[in-house]
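The values are calculated or read from the model by the stated rules, or taken from the named source; none is laboratory data. Predicted model only: the values in this text are computed from it and were never measured. Please note: Cβ atoms are built from the backbone with ideal geometry, for glycine as well, and neighbour counts cover all protein chains shown.
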Amino acid sequence: MPSYTSSSRFVTDRMPKGVGLKTLCLMLFLFLTVLAAIECFWRSQGHKSNMSDTVLMWAAEREKINDDKGMVVLIGASRIQLGFDTNYFRQEYQDRPLVNLAIDGTPPMAVLRDLAENSNFRGTIILSAKSEWFTNDNWNRAQGHVKRYHTDYRYSFDRRIDTQIDKWMQGNLVSLQQNLNLKNTVQQLMVHQSLPKPFYIQTLPDRSKKADYQLMDDIEGHRQKRVEKLRNVEKKVPVASLGQWKMDVESVMQWAYMIQDRGGRIIFVRFPTSGEHWNIDERRYPKARYWNQFARMKDVEAYHFRDIKGMNRDEFDLPDTSHLDQKDRRAFTKILLDELML
């Protein structure tokens, strides 16, 4: 009686040669055809590729930091992500590497500290800040990103490869957007009898963002929610005393001085807010009392949008009182870069 091994070989030897490879090629062809059809369909509906702005995507940018004197690094939160046109910068400064380390909704002082203490960076930092971000209770808000880079990305070859593959796929495939998955699409059809609409914010491969507020269904409601959130902050979050704030600023500046001592340049920029948002900012940390004193400190290079020609009379529309629309990014960035004289 033939053994199991010999029986298997008997069957395999009698299989038509090439059937496995042909089947695989056919399946691959069908998959790519369906994927291409899905991509074409969503693009025809106005959707664009949109990155997921994850911690690992941030870590991939952090990995680019080196001692190149010409390197420019963006640090801050969503205002610099949405307001700074990185494409325009690269057109104007083709010989200067640009790295985007801004983190949405997060004061950036931990990133400044990391570059001062854990790198040999000696290029230029454009740091988007507001007065209250200098207080010590905000110093560690971005530490999660910094820690993840050092512990989970920096020395992991697999993590780097996976992140780069993920970055390439998200940058090229529209259908990978979370709001276009099958579950969300079916739910949208059943509840609203319509397909998912393009999201108003597009995250680009370099982690900069563009906001098209015309795509929002209720911009007024969105604006009111933001203002109401600020009102709650005004009621519940105490303002640091001027004396304590000055001590905190001096501590933050020690990190800036470390980079300056290596030949680097730190530029602090107060990006625009408008309407009641600006009024609340002024009630909590008045520009004349806080920011202006900071700007007068020795070896501090600080710019406030209210002091820059072209930005000081609400020339740029802030649909949600805090962020620029994509139509204004290029003009705003040109004015800012002309003022900074990089």
Here is a list of conditions, (1) modelled with pLDDT of 90 or more; (2) under 20 Å from residue 104 (Cα atoms); (3) surrounded by fewer than 18 Cβ atoms within 10 Å (Cβ to Cβ), and residue 149 meets all of them except one; can you say which number that is? (3)
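Mind checking whether some residue in the range 123-130 is in contact (Cβ under 8 Å) with a residue 24 or more places away in the chain and out of contact with any strand residue (DSSP E or B) (no Cβ under 7 Å at 6 or more places or on another chain)?
Here is the first cut: in the range 123-130, the residues in contact (Cβ under 8 Å) with a residue 24 or more places away in the chain are 123-130.
Pick out the ones that are also out of contact with any strand residue (DSSP E or B) (no Cβ under 7 Å at 6 or more places or on another chain) and you get none.
No, the range 123-130 contains no residue that is in contact (Cβ under 8 Å) with a residue 24 or more places away in the chain and out of contact with any strand residue (DSSP E or B) (no Cβ under 7 Å at 6 or more places or on another chain).
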For residue 336, the lone unmet condition from (1) closer than 20 Å to residue 109 by Cβ; (2) of a type in the set (A, V, I, L, M); (3) surrounded by 19 or more Cβ atoms within 10 Å (Cβ to Cβ) is (1)
Of everything in the range 293-307, what is surrounded by 18 or more Cβ atoms within 10 Å (Cβ to Cβ) and hydrophobic (A, V, I, L, M, F, W, C)? Give them in sequence order. 294, 302, 305
For the structure I just gave you, tell me whether residue 104 is surrounded by fewer than 20 Cβ atoms within 10 Å (Cβ to Cβ) and within 30 Å of residue 132 (Cβ to Cβ). yes
Starting from residues that are in contact with a Lys or Arg (Cβ under 9 Å, 6 or more places away or on another chain) and among the aromatic types (Phe, Trp, Tyr), keep the ones in the range 49-101 and report whichever is surrounded by the most Cβ atoms within 10 Å (Cβ to Cβ). 84
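Condition test on residue 289, is it at pLDDT 95 or above and basic (Lys, Arg)?
Numbers: at pLDDT 95 or above: yes; basic (Lys, Arg): yes.
Considered against the rule, which asks whether it is at pLDDT 95 or above and basic (Lys, Arg), residue 289 comes out as yes.
With the range 240-336 as the region, which helices (runs of 4 or more DSSP H) entirely inside it contain at least 2 residues that are under 30 Å from residue 216 (Cβ atoms) and within 26 Å of the chain's Cα centre (by Cα)?
On the way: elements: 242-261, 275-284, 291-295.
Output list reads 275-284.
Determine whether residue 137 is more than 26 Å from residue 69 (Cα to Cα), among the acidic types (Asp, Glu) and not in a helix (DSSP H, G or I). Quick ask: steps written out before the conclusion?
Working: more than 26 Å from residue 69 (Cα to Cα): yes; among the acidic types (Asp, Glu): yes; not in a helix (DSSP H, G or I): no.
The answer is no for residue 137.
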Identify all residues within the range 31-42 that are β-branched (Val, Ile, Thr) and in contact (Cβ under 8 Å) with a residue 60 or more places away in the chain; write none if there are none. 38
Among the numbered conditions (1) closer than 22 Å to residue 203 by Cα; (2) not assigned by TED's automatic domain parsing to the domain that holds residue 111, tell me where residue 158 comes up short. (1)
Restricting to the range 284-327, name every residue that is under 30 Å from residue 257 (Cβ atoms), in contact (Cβ under 8 Å) with a residue 40 or more places away in the chain and in contact with an Asp or Glu (Cβ under 7 Å, 6 or more places away or on another chain). 284, 285
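For (1) more than 28 Å from residue 114 (Cβ to Cβ); (2) touching a strand residue (DSSP E or B) at 6+ places or on another chain (Cβ under 7 Å); (3) hydroxyl-bearing (Ser, Thr, Tyr); (4) modelled with pLDDT of 95 or more, each residue gets a yes or a no:
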| site | (1), (2), (3), (4) |
| --- | --- |
| 249 | no, no, no, yes |
| 263 | no, no, no, yes |
| 275 | yes, no, no, no |
| 284 | no, no, no, yes |
| 299 | no, no, no, no |
